[in-house]
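Undergrad: Below is the structure I would like to discuss, written out as structure tokens.
FYI, it's all coordinate maths here, none of it is from the lab. Computed from a predicted model, the values in this text were never measured in an experiment. All Cβ positions, even for glycine, are placed from backbone atoms using ideal geometry, and neighbour counts span all protein chains on display.
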């Protein structure tokens, strides 16, 4: 979490960012029946409470880890990613459209590259003022949803 000049925490935590992005994914493609809509394959990482507070749609398969390269090779319609170098190049190599939601470093540059190459969209990380975090998370969720629908 970022800090203000006087050291107070501000902005969204990594968990809040992930949950907003995942919620945007569920908004874009989630269904009430596993037979309807696309399969949403969601890698959560090791956090035991990663989905806490979110309603997971019936067509979502969520696990700590998923075989990313195998899924991309099989033919994903769109890949929501933080845009790290491995994920970015694996998707490009397979022609998978991207929605990049970067955290920092090369991820931000790769988000810009996705747009420049016509390979996808870049959803910028929000930087809310203290007290505006909930509104920023809701906007980020909506931005991710719109980007996914546009790219898919």
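Undergrad: Which of the residues spanning the range 1-25 are touching a helix residue (DSSP H, G or I) at 6+ places or on another chain (Cβ under 9 Å) and either buried (at least 20 other Cβ atoms within 10 Å of the Cβ) or part of a strand (DSSP E or B) (or both)?
TA: 10, 12, 17, 19, 20, 21, 22, 23, 24, 25
Undergrad: Go over the candidates 43, 50 one by one and state the one that is within 14 Å of the chain's Cα centre (by Cα) and either within 16 Å of residue 148 (Cβ to Cβ) or surrounded by fewer than 16 Cβ atoms within 10 Å (Cβ to Cβ) (or both).
TA: Numbers: 50 fails: either within 16 Å of residue 148 (Cβ to Cβ) or surrounded by fewer than 16 Cβ atoms within 10 Å (Cβ to Cβ) (or both).
Of 43, 50, the one residue that is within 14 Å of the chain's Cα centre (by Cα) and either within 16 Å of residue 148 (Cβ to Cβ) or surrounded by fewer than 16 Cβ atoms within 10 Å (Cβ to Cβ) (or both) is 43.
Undergrad: Please enumerate the residues belonging to the range 83-138 that are part of a helix (DSSP H, G or I), under 21 Å from residue 3 (Cα atoms) and under 16 Å from the mean Cα position of the chain (by Cα). Can you show your working first?
TA: We begin by selecting, within the range 83-138, every residue part of a helix (DSSP H, G or I); these are 85-94, 106-116, 133-138.
The next check asks that each one be under 21 Å from residue 3 (Cα atoms); those that pass are 107-108, 133-138.
If the condition is that a residue be part of a helix (DSSP H, G or I), under 21 Å from residue 3 (Cα atoms) and under 16 Å from the mean Cα position of the chain (by Cα), then 107, 108, 136, 137, 138 are the ones that fit.
Undergrad: Only one residue in 117, 80 is touching a helix residue (DSSP H, G or I) at 6+ places or on another chain (Cβ under 7 Å) and either touching a residue at least 12 places away in the same chain (Cβ under 8 Å) or surrounded by 18 or more Cβ atoms within 10 Å (Cβ to Cβ) (or both). Which one? So that I can check it myself, show each step before the final result.
TA: Working: 117 fails: touching a helix residue (DSSP H, G or I) at 6+ places or on another chain (Cβ under 7 Å).
The match here is 80.
Here's the yes/no breakdown for (1) surrounded by 13 or more Cβ atoms within 10 Å (Cβ to Cβ); (2) in contact with a helix residue (DSSP H, G or I) (Cβ under 8 Å, 6 or more places away or on another chain); (3) without any contact (Cβ under 8 Å) to a residue 60 or more places away in the chain:
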residue: 108; (1), (2), (3): yes, no, yes
residue: 112; (1), (2), (3): yes, no, yes
residue: 130; (1), (2), (3): no, no, no
residue: 137; (1), (2), (3): yes, yes, no
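Undergrad: Would you pick out the residues in the range 56-77 that are more than 16 Å from the chain's Cα centre (by Cα), in a loop (DSSP other than H, G, I, E, B) and surrounded by fewer than 14 Cβ atoms within 10 Å (Cβ to Cβ)?
TA: If the condition is that a residue be more than 16 Å from the chain's Cα centre (by Cα), in a loop (DSSP other than H, G, I, E, B) and surrounded by fewer than 14 Cβ atoms within 10 Å (Cβ to Cβ), then 58, 67, 75 are the ones that fit.
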